[in-house]
Structures are given as C-alpha cells and as structure tokens.
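Data block below; observations after.
The values are calculated or read from the model by the stated rules, or taken from the named source; none is laboratory data. Quantities reported herein were computed from a predicted structural model and do not represent experimental measurements. Positions of Cβ are backbone-derived with ideal geometry, glycine not excepted, and every protein chain shown enters the neighbour counts.
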Amino acid sequence: MEDVILVVNCGSSSLKLALFSRNLERLAGGLAERLGEDGATASAGDDQISLTGKSSHEDALAELLSHFRENELLSDQPLAIGHRVVHGGEAFRAPALINDDVLVAIEDCSSLAPLHNPVNLTGIRATLKLFPDVPQVAVFDTAFHQTLPPHAYLYGLPRRFYEDWGVRRYGFHGTSHSFMVEQAARLLAKPRSETSIISAHLGNGCSITAINNGESLDTSMGLTPLEGLVMGTRCGDVDPGLFDFLSAKGIDSESLSRILNRESGLLGLSESTNDMRTLIEQADGGDEQSSQALAVFCFRLARYIGAMMASLDELDALVFTGGIGENSDRVRKDTVSHLNLMGFSLDSKANENHGQESDHRIESKTSRFPILVIPTNEEAVIAREAAARAG
Ligand code: AMP
C-alpha cells in the first residue's frame, strides 16, 4: 500500500474525499450527501456505503475512511491532508499548514462565509482528532485573489464598512484560476510570471478572473460567491435597489437570500433546471425560457470578458474551464459570438472537439487571441499543496 494524500472538501450538507498518490494520481474518491438530514447517503465509486439516520460529517468521514481501508487504499494514516477552505479573508495569501493560530484565523473569517467556513472547520477538527500527527494544510478559495489592487476590491460604499467589517471583494475559485494560468503558461511555453489570461471557470458556480503576469487583478465574485456571472441557481449581479423593492413586496431577508442563492440563475430563468446540459437540450427542443436563460448566461459572460480586459497589459489567452466551460461548445460559441469587435473568434471544428485534437486550442486562424479549453483539477492542486507544505 503506497503513501497517500487525503483531500477533504466539506460542504454544508456534503463531504467529498479524494485520495491521491505521491505523484498526484487520483486513486479513489468518496461522496456523502444530505448530512444532518434524514436519508443521508454515501458512495465511493460504484459502492454504496450505508449511513444511518441523520449522519454527521464526522460519521460520514469515519465510514468513508474505513471503506478506503477495507479496500486497501489507505493504510494507517495518510502522508498529508489537504482541506478546501472557502474564505481566508485578508489573512491568507497562500495555503497554510494548520496549527492553533490558523484555526483561529479561519474561525475569524466565518462571518464572511457563514455557510462554508464553520463546516470547513468541522472537517478539519474531525481529521485532526483522527490523525493528530499528520500534517494538515488549508487551501483557500480566496487566497489567489489577494493580489487584487484596491481599485478592484473596494466597493463604492462608506469606507467604514471595509475598515470595520471587511466588506470588500474577495473572489473565489482561486485554486482553479491559479491552476489555469499555470496550465496556460505550460501550453503556451511561457513562464507563469509572464502569462496573462482571462480565466472563465463555468460550473454550477461560475466566476471569471483577469490574471496579469500570473497574478489575479480582477475577478467577478465579490464579498460572497453570489456576485458576477449568472450561475446554476445563483443570480450574479443585480441592482442593489432590488432589495428595497422586494422587501416592500414582503420578502424577508432570509427568503431573499434563499431566492438569490438557490432559486435564481439558470433555474430561476428557465423555471425548470439548473443543469446546463438539460437546459441546452430543452432550448434545442424549442423551450423559449431555456433559450432565454442560455442567452442571458452567455451574454453576461461576454460582458465580463470585456470588463476583464481593463486589468490586463496584454492577453495571452482566453481560457474556459469547469463542467460547462470544458464540455459545452454551445456556450463557448454563443459567448464568443458577442466578442467579434474585440477580435475573438473560434474554429468551429476545434470548438466542437473541445480542443482535444488541437492542443487545447479552439480559436480560428484570424482570432486576435488564443482561446483554450483546459480541464480544471482543484482536488489535485489541493493534494499538491498539502504534500508540498507538509514537507
Ligand atoms: P461542475 O460544477 O464543474 O461539475 O459543472 C456542472 C455543470 O456542467 C452542470 O451545469 C452541467 O450540466 C454542466 N455540463 C457538464 N457536461 C456538459 C455538457 N456536455 N454540455 C453542457 N453542460 C455540461
């Protein structure tokens, strides 16, 4: 049995685990859902793992680890453990080896991500209890964006909100965006520190980042992961005047938060699905609301690509990633169709093949800039950071 690195991603009612070898080959994964509710479930590959009643994150962790042990994927303990932590506030510019000070700092960021950081801490505390001697590393979604300059991270709000409460733009999906510039640099044969890209991470959550000479200078998500692009169930940018308007209609703040986070975006517009693949099938079948939802998604994305150009000295590539960015030629085509004036254009064959037969490149010969499709791999990056910092 070889040494493995364990990656832990704790969501509010879910737990994802992955095991990687020392050379970052993914060996196994496990997923538990509906934790804390009746009917919690867990699986690892094709195997269903029984959870009873209202299983907690700790219960699911123990069950999945014992499944890995039974299948001889894990010996005594892992070599290192990497945790995805959503919010590192202004305290973390890089992954951190977990100690008491780091735990306190993550806790201090909880008011900025009340749905995420407390549950990330639950995962960390559970693995600390099980493996007190194994080095554990926190990898933050926000850390890569700590290079944003003040003109990109300050809102046009009273300054005291920032100074007293940390109200500013933080940005998320940093692990994926950072991986994109690393991969783009490799493909374009340039040093990372001289590579400038616009990185569009399009999954259930969506964000776009301007990366100038390897550093994040602007990004579409803000104080929370609600700002910016239209997403599966999240609204992205709306007029802040909406909150007063809806409050006058009797929608309280708890309902509003639920609506903006869980009932908006593609789901809200189509009134049927948050899944892009299903949405496109419905649009192709003549469903008008699905067509409009797709059009809003692509237009908002194109507007943001334009906006991101303001941060860059030059552009080496526009990069698409995430479940939608990697797999939907339709979304890429409809988005780039808005960008002719800026000189972007696609090669339709390469786009349909998702760049798989053209070294990830999908731009036409006349395009002013390269356009790349690059698969993201956040878990592998977390595993690598854990192994590197654990020594
Ligand atoms: P992620 O959160 O990165 O796993 O991405 C999930 C999103 O990717 C969902 O909206 C899926 O419908 C979408 N997706 C996956 N495969 C395709 C595909 N072939 N075409 C369009 N969307 C896809």
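Which of the residues belonging to the stretch 274-291 are over 14 Å from Cys235 (Cα atoms), within 25 Å of the chain's Cα centre (by Cα) and not small (Gly, Ala, Ser)? Those that are over 14 Å from Cys235 (Cα atoms), within 25 Å of the chain's Cα centre (by Cα) and not small (Gly, Ala, Ser): Asp275, Met276, Arg277, Thr278, Leu279, Ile280, Glu281. Across the stretch 169-203, the number of residues qualifying as more than 16 Å from the ligand (Cβ to nearest atom), assigned to a loop (DSSP other than H, G, I, E, B) and in contact (Cβ under 8 Å) with a residue 60 or more places away in the chain comes to 4.
For Ala105, the criteria (1) under 18 Å from Gln136 (Cβ atoms); (2) touching a residue at least 24 places away in the same chain (Cβ under 8 Å); (3) touching a strand residue (DSSP E or B) at 6+ places or on another chain (Cβ under 9 Å) hold in every case but one, which is (2). Note on the stretch 161-198: among residues that are touching a Phe, Trp or Tyr at 6+ places or on another chain (Cβ under 8 Å) and surrounded by 19 or more Cβ atoms within 10 Å (Cβ to Cβ), the one that is nearest to Leu372 (Cα to Cα) is His177. Filtered by the rule that a residue be free of Cβ contacts under 8 Å to residues at least 60 places away in the same chain and outside any strand (DSSP E or B), the stretch 3-25 gives Ser13, Ser14, Asn23, Glu25. Can you list the helices (runs of 4 or more DSSP H) found entirely within the stretch 329-391 that contain at least 1 residues being more than 21 Å from Val181 (Cβ to Cβ) and touching a Ser or Thr at 6+ places or on another chain (Cβ under 8 Å)? Helices (runs of 4 or more DSSP H) meeting the threshold: 329-336, 348-352. Of everything in the stretch 266-318 that is within 16 Å of the ligand (Cβ to nearest atom) and hydroxyl-bearing (Ser, Thr, Tyr), the residue that is farthest from Leu341 (Cα to Cα) is Ser272. Among the residues making up the stretch 69-82, a single one is surrounded by fewer than 22 Cβ atoms within 10 Å (Cβ to Cβ) and touching a Leu at 6+ places or on another chain (Cβ under 6 Å): Leu73. Within the stretch 123-152, can you find the residues that are loosely packed, with under 14 Cβ neighbours inside 10 Å and assigned to a loop (DSSP other than H, G, I, E, B)? Within the stretch 123-152, Pro132, Asp133, Pro149 qualify. Within the stretch 204-224, the set of residues being closer than 15 Å to Thr142 by Cβ, surrounded by fewer than 24 Cβ atoms within 10 Å (Cβ to Cβ) and within 16 Å of the ligand (Cβ to nearest atom) comprises just one member, Gly205.
Report whether or not Gly29 is of a type outside the set (Lys, Arg), at pLDDT 95 or above and farther than 30 Å from Trp165 by Cα. It is true that Gly29 is of a type outside the set (Lys, Arg), at pLDDT 95 or above and farther than 30 Å from Trp165 by Cα.
Mind checking whether some residue in the stretch 79-91 is free of Cβ contacts under 8 Å to residues at least 60 places away in the same chain and of a type in the set (Lys, Arg)?
No, because not a single residue in the stretch 79-91 is free of Cβ contacts under 8 Å to residues at least 60 places away in the same chain and of a type in the set (Lys, Arg).
Looking at the stretch 208-317, what helices (runs of 4 or more DSSP H) fall wholly within it and have at least 1 residues that are charged (D, E, K, R) and free of Cβ contacts under 8 Å to residues at least 24 places away in the same chain? Don't jump to the end; show me each part of the working.
Details: elements: 241-248, 253-262, 265-270, 276-284, 288-308.
Correct list: 241-248, 253-262, 276-284, 288-308.
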